[in-house]
Amino acid sequence: MLSFLNARQSGLDDPVRLRRAESTRRVLSLELNYDRDVDRIHANGINTLDIEIVEGRYMLSGGSDGVIVVYDLENSSRKPHYTCKALCTVGRSSRYVHKFSVETVQWYPHDTGMFISSSFDKTMKVWDTETLKPAEEFQFDGNVYCHHMSTIARKHSLVAVGTKDPKVQLCDLKSGSRIQILQGHRGEILSVRWSPRYEHILATASTDSRVRVWDVRRASGSLFTLDQHNGDKSKASSEAVNTAHNGRANGLCFTEDGLYLLTTGTDDRMRLWNSATGENTLVNYGKVVNESRKGLKFAVSRGCSPEFVFVPCGSSVAVYGLHSGEQITMLRGHYNNVDCCEFHSDYQELYSGGKDCNILAWVPVLRQPDIEDEGTNSTKGGTQAAVNPAFEDAWSSDED
């Protein structure tokens, strides 16, 4: 750490590199924090989590019991051991509660006064956080598996919705109506994700094994369909042509810069794609066990170098290097299957929810003080302490 500070102080290095190196160290040291509890409210499994990006303080959860909970993640007591309190709940006693399992929750990207939930009761509801009443409700013909609203859009306020119907629905929050349908899939839509780079680009994953990328301004269909074989038909059976996976494609996640798209499938594979060309990068993550019949909620780190992927895997969360494919570690602590995880980029923390009704907090280990040793290696910035190995990749990386 001292070498980083010396280089930064003398102007020999970019401050971004120091921040990314420390973020990387923190992610590599994640462990279950026994001093931080999260209020146990749900009576059944937890399907979905979302942390708002405005303050980074409030977290939503949605469960198989139809209940939605808002948590305060801040330690207001300033004590080492504390509980993230449930501030409010849309519980079974509420007349507005979802009748069946809540599959996805998402904060409105620009403030914490509104959030959106979707459910197997065939509805998507837009909630007023203060009153906990729906300001808008959209009805669909089948179970709603997922929805997503762009975090960067300025020219539209569309929510993409995936249901039992193979058509992707686009709902406009301004008009309160469904304004567009995207046709091309032949199975249920299990995951939808807007690009964090281009506000009109949308990715969708389906039980038909296909992942399609759309420009919603075009009326002529999807831009392209991801092909695991990169167009080499000699490697694919007739059924596997233009498929992203050999089973249901049930998970999507863009990297922070939007340059890459990760997909998961019930063929126990995770694949990394160039989001501009649709090319399979062929990164080998090995077997990524995936038995989910619904959408898989996984996460990618932000602000690290290199970046990491957090994937529910049985009763654990597997951590992989994004571009290396190497499994870094397994985070174990749940007593039943993990269904979702959410990365908190402000503090490099991870929250996971599972069928055991628990939300667990995975927190970086506190750094041990560096001891300056005058006899150690000298660098561009002068003498340095021994460098923590966790920094080496970030230090040698050419990325900014």
Per the filter on region 311-351, residues in contact with a Lys or Arg (Cβ under 9 Å, 6 or more places away or on another chain), acidic (Asp, Glu) and either free of Cβ contacts under 8 Å to residues at least 40 places away in the same chain or under 16 Å from residue 288 (Cα atoms) (or both) are 339
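Here is a check on your reading of the model: is residue 139 polar (S, T, N, Q), open to solvent by 40 Å² or more (accessible area, probe 1.4 Å) and free of Cβ contacts under 8 Å to residues at least 60 places away in the same chain?
Working: polar (S, T, N, Q): yes; open to solvent by 40 Å² or more (accessible area, probe 1.4 Å): yes; free of Cβ contacts under 8 Å to residues at least 60 places away in the same chain: yes.
Considered against the rule, which asks whether it is polar (S, T, N, Q), open to solvent by 40 Å² or more (accessible area, probe 1.4 Å) and free of Cβ contacts under 8 Å to residues at least 60 places away in the same chain, residue 139 comes out as yes.
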Which numbered condition trips up residue 164, out of (1) in contact with a strand residue (DSSP E or B) (Cβ under 7 Å, 6 or more places away or on another chain); (2) more than 23 Å from residue 95 (Cα to Cα)? (1)
Scan 309, 288 and give me the residue that is farther than 14 Å from residue 29 by Cα, modelled with pLDDT of 95 or more and assigned to a strand (DSSP E or B). 309
Would you check if residue 27 is open to solvent by 40 Å² or more (accessible area, probe 1.4 Å), hydrophobic (A, V, I, L, M, F, W, C) and within 25 Å of residue 308 (Cβ to Cβ)? no
Six or more apart or on different chains, Cβ under 6 Å: which pairs go from a residue in region 292-306 that's on the phi > 0 side of the Ramachandran plot to one that's assigned to a loop (DSSP other than H, G, I, E, B)? Could you list them? 303/345
Test for residue 56: is it open to solvent by less than 10 Å² (accessible area, probe 1.4 Å), part of a loop (DSSP other than H, G, I, E, B) and either touching a residue at least 12 places away in the same chain (Cβ under 8 Å) or in contact with a helix residue (DSSP H, G or I) (Cβ under 6 Å, 6 or more places away or on another chain) (or both): yes
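Do we have residue 36 as charged (D, E, K, R), open to solvent by 10 Å² or more (accessible area, probe 1.4 Å) and more than 13 Å from residue 350 (Cα to Cα) here? Write out each step before concluding.
Working: charged (D, E, K, R): yes; open to solvent by 10 Å² or more (accessible area, probe 1.4 Å): yes; more than 13 Å from residue 350 (Cα to Cα): no.
For residue 36, the condition - charged (D, E, K, R), open to solvent by 10 Å² or more (accessible area, probe 1.4 Å) and more than 13 Å from residue 350 (Cα to Cα) - is not met.
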Just for region 349-374: of the residues that are of a type in the set (S, T, N, Q) and open to solvent by 20 Å² or more (accessible area, probe 1.4 Å), which one is modelled with the lowest pLDDT? 368
Of all residues making up region 39-53, the number that are open to solvent by less than 60 Å² (accessible area, probe 1.4 Å) and in a loop (DSSP other than H, G, I, E, B): 4
Might you check whether a residue that is open to solvent by less than 30 Å² (accessible area, probe 1.4 Å), assigned to a loop (DSSP other than H, G, I, E, B) and closer than 24 Å to residue 55 by Cβ occurs anywhere in region 162-178? no
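The values are calculated or read from the model by the stated rules, or taken from the named source; none is laboratory data. Just so it is clear, the structure is predicted and the values come from calculations on it, not from any experiment. So basically every Cβ, Gly included, is an ideal-geometry build from the backbone, and we count neighbours across all protein chains shown. Ligands, DNA and RNA are stripped out before the accessible areas are found, and what is left, the full protein with its side chains, is counted by its heavy atoms. Shrake-Rupley method; radii C 1.70, N 1.55, O 1.52, S 1.80 Å.
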